[in-house]
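Below is one structure, written out as structure tokens, with a few remarks after it.
The values are calculated or read from the model by the stated rules, or taken from the named source; none is laboratory data. Predicted model, so just to flag it, every value in this text is computed and none were measured. Heads up, the Cβs are rebuilt from the backbone with ideal geometry, glycines too, and the neighbour counts pull from every protein chain shown.
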Amino acid sequence: MSSKSLIRRLAAEAEAQAGEEYLRRADRAALERLFALPEYAGAKTLLLYVGVGSEPDTAPLIERALREGKTVLLPRITGRGEMEAGEYTGTLRPGPFNIPEPEGRTFQPGELDIILVPGAAFSPDFARLGRGGGYFDRYLPKTPGVRIAQGRERLLRRDIPLCGHDALMDVLITETCTRRR
């Protein structure tokens, strides 16, 4: 088992031990911190994601961004195995790995103001451990948008190994603080 696979497993165990109530409470508080970011206030185009499993519930963020007139994009996996940003217009279709995908038009990476990046684990020094597909790590170097990670303070890890292609986050928000790189 690779060190990344082991850390993903340990992170999942830590989430389970933390309990659903802590996860929900932490996610709500972190979301309020995200809404308070000047980057969020000034953003017109956001690449978000649909939280699945134990990931933070992003539905309130998606709904608020749409109400505020922001353009909401969601990841979509192409037939070439690459990620692109598709506009969310209220309809989702099943995508690879049972992750819902948008049906709207594709936006270019240079058009993004904010990217909310999912992950299996995050570190206090802006490292991210993805789920293993590498889609975000390949996409992020193409965009100037601000990379934001939503973590949970009690679940941050200092043992996330970085490879040359791993992208660091610009902002890490948790229920207790906002960190900037």
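Side notes on the structure shown:
- So Arg138, is it within 12 Å of the chain's Cα centre (by Cα), surrounded by fewer than 21 Cβ atoms within 10 Å (Cβ to Cβ) and within 26 Å of Arg80 (Cα to Cα): no
- Residue pairs whose Cβ atoms lie under 9 Å apart, separated by 6 or more positions or on different chains, with the first residue in region 95-109 and at positive phi and polar (S, T, N, Q) and the second surrounded by fewer than 16 Cβ atoms within 10 Å (Cβ to Cβ) and assigned to a loop (DSSP other than H, G, I, E, B), are Asn98/Val52.
- Candidate set from region 141-181 (those that are β-branched (Val, Ile, Thr) and at pLDDT 95 or above); member that is farthest from the chain's Cα centre (by Cα): Thr176
- Set Gly119, Gly164: member being assigned to a loop (DSSP other than H, G, I, E, B), of a type in the set (Gly, Ala, Ser) and either surrounded by 21 or more Cβ atoms within 10 Å (Cβ to Cβ) or free of Cβ contacts under 8 Å to residues at least 12 places away in the same chain (or both): Gly164
- For beta carbons closer than 6 Å, sequence separation of 6+ or different chains, a first residue in region 18-46 that is of a type in the set (S, T, N, Q) and a second that is in a helix (DSSP H, G or I) and modelled with pLDDT of 95 or more, the qualifying pairs are Thr45/Glu111.
- One residue alone among Pro141, Pro161 is over 21 Å from Glu15 (Cα atoms) and not charged (D, E, K, R), and that residue is Pro141.
- Considering residues of region 82-111 that are aliphatic (A, V, I, L, M) and closer than 13 Å to Val72 by Cα only, the residue surrounded by the most Cβ atoms within 10 Å (Cβ to Cβ): Ala85
- Qualifying residue in region 29-48 (condition: closer than 16 Å to Tyr135 by Cβ and modelled with pLDDT of 95 or more): yes
- Among the residues of region 1-17, those identified as polar (S, T, N, Q) and touching a residue at least 12 places away in the same chain (Cβ under 8 Å) are Ser3, Ser5.
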